[in-house]
Each structure stands twice: as C-alpha cells, then as structure tokens.
Amino acid sequence: MRKEAEVQRAILDYLKLTGIFAWRVNNISPSQMENGRRVFRRFGGLKGVADIIGILPGGQLLAIECKSEKGKLSSEQVDFGNRINAEGGLWFIARSVQDVIDGLARERR
C-alpha cells in the first residue's frame with residue numbers, strides 16, 4: 001500500500017508533466033526545539049485545506065485532497081471541499097494519479 005506522501009509526489013509529478021501549475025500545501029503547526037524537546041506552537045492555518053492547490057488553465061482553482069488507500073477525510077476536509085466546489089473551484093479526493101486523470105476529465109466535459 002502506498003503512503004499518502006508517495007501519492008502526493010506522484011500527483012505533483014503528473015500535474016507538472018501536464019503543465020498544470022500546482023503545489024503542495026504544508027498545513028501543520030509550527031514547532032521548534034526548546035531544551036532539547038520539540039514544542040508545537042498554536043495552529044494558525046486553515047483546517048481542512050487540501051494537500052495540493054493549483055490553478056487550471058483558464059484560472060479555475062484546483063484543490064486535491066490526497067489519501068492513502070485506507071485514508072479517511074476529516075469533517076474539516078469535507079467542509080473545505082464543499083466550499084471550493086460551491087464557489088466554482090474543483091476539489092476532489094485522489095488516492096492515485098488515475099483519480100486525478102478521472103477528476104480532471106469529469107471537469108472538462
């Protein structure tokens with residue numbers, strides 16, 4: 001079974017090959033070392049934001065939530081996706097590059 005990070009990398013490579021401008025979003029709490037221990041700071045990002053954000057030709061926002069084969073969405077991720085789609089962007093879940101190919105094909109119909 002592929003790890004989520006492997007899925008993300010494969011998808012980013014595919015998007016780059018197809019000329020779609022996209023990037024990985026690191027949405028984690030910042031940390032630093034204090035007295036030899038890692039200390040996490042208060043989370044300041046947007047909960048549920050997709051793993052990959054991009055801009056499709058024509059300017060439409062692309063948001064892809066990457067998951068491993070058994071990965072599950074959080075309620076914040078579902079809310080984020082619903083909002084993107086409601087506002088005219090394209091959000092979907094991808095567990096493989098084929099899911100991205102299929103998701104982009106559905107949008108272009």
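We did not get these values from a lab; they are worked out from the coordinates using the rules stated. Given the structure is predicted, the values throughout are model-derived calculations rather than measurements. Here the Cβ is made from the backbone with ideal geometry for all residues, glycine too, and neighbour counts use every protein chain on show.
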With unit charges on the beta carbons (Lys and Arg positive, Asp and Glu negative) and the dipole taken about the Cα centre of the chain, which residue among V97, G71, P57 sits farthest to the positive side? G71
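Report the FRET efficiency, 1/(1 + (r/R0)^6), for K72 and V25, where r is their Cβ-Cβ distance and R0 is 25 Å, rounded to 0.05.
Numbers: r = 19 Å, r/R0 = 0.75.
Using R0 = 25 Å, I get an efficiency of 0.85.
So how strong a dipole does the chain carry about its Cα centre when Lys and Arg Cβ are +1 and Asp and Glu Cβ are -1, to the nearest 20 debye?
Numbers: 18 positive and 13 negative charges, 59 e Å.
That gives a dipole near 280 debye.
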Please give me, ordered by residue number, the GluC sites (Glu not before Pro) of the range 45-109 that lie in loop per DSSP and have at most 12 other Cβ atoms within 10 Å. E69, E87
Ordering of 48-55, 12-19 by burial proxy (mean other Cβ atoms within 10 Å per residue, highest first): 48-55, 12-19
On a full-extension model of 0.36 nm per residue, what is the gain between N35 and A5, subtracting their alpha-carbon distance, rounded to one decimal in nm? 7.8 nm
For the range 45-109, what proportion of DSSP beta bridges, expressed in % and rounded to the nearest 5, is antiparallel? 45
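Under a Cβ-only charge scheme (Lys and Arg +1, Asp and Glu -1), can you give me the dipole magnitude of the range 42-84 about the Cα centre, in debye to the nearest 20?
Working: 6 positive and 5 negative charges, 28 e Å.
Dipole size: approximately 140 debye.
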